[in-house]
Amino acid sequence: MAAPRSFLWSRRIFLTLLTGFVLLPVYVMLSSSLKPLQDVSGEFRWVPSGLTIRPYIDIWSTVPLAKYFVNSLIVAGAATVCSVVIAIFAAYGVSRYRFRGKRLFTVTVLSTQMFPGILFLLPLFLIYVNIGNATGLALFGSRIGLILTYLTFSLPFSIWMLIGYFESVPRDLDEAAMVDGCGPLGALFRVVVPAAVPGIVAVAVYAFMTAWGEVLFASVMTNDTTRTLAVGLQGYATQNDVYWNQVMAASLVVSVPVVAGFLLLQRYLVAGLTAGAVK
C-alpha cells in the first residue's frame, strides 16, 4: 500500500529542516575559519566578503597543535587498544563460563555508568599523587595516567557491550573448534572474534571517541608536555583577544580523524550496535 502524498511531503520537509539544523553549525564553523580575524570579530555575515586559508596555516604556530595532536593520538589509541583487548577477554569469560559472582560482576560493571565522571576526578587525582610519592612513578601529568583514567569509564561499557554480542554468537561454534583441536583461546581468536568483528569495531569507535574529545580529566591530569587537543584549543584565547577564525579552523582539523574513522567503519558500527543490543 502506497503512503499518502501528504505523508511523503511531510517527511521530506521534516528531513530537510533536520538536515539544515545539523549542517548550519558546520557551515558557520567552515565560513568563520576562512575569514580574516577582523571579519569574524565584527558583525556576522552569512556570505563572507573575503576568503583566506591563513587561519589553517596559523593554527600550527599560535599553539603547539602538532604536539597536542600526537598526544591525543597516543592517548586515545592506547586507551582504545587496552579497552578492546581487556574487554574481549572479560566478555568471553562472562559469556562462556559459569562462576560464582557472575551476575554481581555484570551488574557492577553496568552500574558504574550511572555515576558522573566528575565523581572520580578527585579520587583518581589523590591516588596518582600518592602513588607518585610512594613509588616515584609519575602517573599524574603523564600519558600513562591519562590512559588509565580513560579506561575507568570506557572499559565497563566495552565489557557490557561485548558480553551481549558474544552471547549472540552460537556456542556450537566454540564446541566445533574445540573438537578440531582448539583450546579456549584458540576458539576465541579463531571463531568468536572473527564472528564478533562488528561488535568489536563498535566498542573501539566508542572508546576512541570518548578519549579523543574528553576535556574534564585532560584539563586536570595533564601538563604543558602531555596536553591533548581538547584542552589545547583553549590556547587560542589570550588575555587580549580570541582568535575565533583559528578556533574554528582547529576545531575542524581536530574532528577530521573521528569523522573519517566513523565514515570508514560506519557499516561495522551500525551492525555492532544493533546486534549487540539483542540476543
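At a glance:
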{"read-out": "In segment 206-239, residue farthest from L151 (Cα to Cα) [restricted to those that are open to solvent by 60 Å² or more (accessible area, probe 1.4 Å) and outside any helix (DSSP H, G or I)]", "value": "Q239"}
{"read-out": "Residue list for segment 161-172, restricted to those being in contact (Cβ under 8 Å) with a residue 60 or more places away in the chain, in a helix (DSSP H, G or I) and out of contact with any Pro (no Cβ under 9 Å at 6 or more places or on another chain)", "value": "M161, L162, I163, G164, F166, E167, R171"}
{"read-out": "Selection count, segment 106-146, where residues are among the hydroxyl-bearing types (S, T, Y) and touching a residue at least 24 places away in the same chain (Cβ under 8 Å)", "value": "4"}
{"read-out": "Lone unmet requirement of (1) open to solvent by 70 Å² or more (accessible area, probe 1.4 Å); (2) in a helix (DSSP H, G or I); (3) within 26 Å of V192 (Cβ to Cβ) for R98", "value": "(2)"}
{"read-out": "Only listed residue being open to solvent by 80 Å² or more (accessible area, probe 1.4 Å), within 30 Å of V197 (Cβ to Cβ) and assigned to a helix (DSSP H, G or I), chosen from F89, F105, F120", "value": "F89"}
{"read-out": "Any hit, segment 152-159, residues being hydroxyl-bearing (S, T, Y), outside any helix (DSSP H, G or I) and closer than 23 Å to V109 by Cα", "value": "no"}
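The values are calculated or read from the model by the stated rules, or taken from the named source; none is laboratory data. Remember, it's a predicted structure, so these values are computed and weren't measured experimentally. So basically every Cβ, Gly included, is an ideal-geometry build from the backbone, and we count neighbours across all protein chains shown. Note: accessible area is taken over every heavy atom of the protein model, side chains too, but ligands, DNA and RNA are not part of it. Shrake-Rupley method; radii C 1.70, N 1.55, O 1.52, S 1.80 Å.
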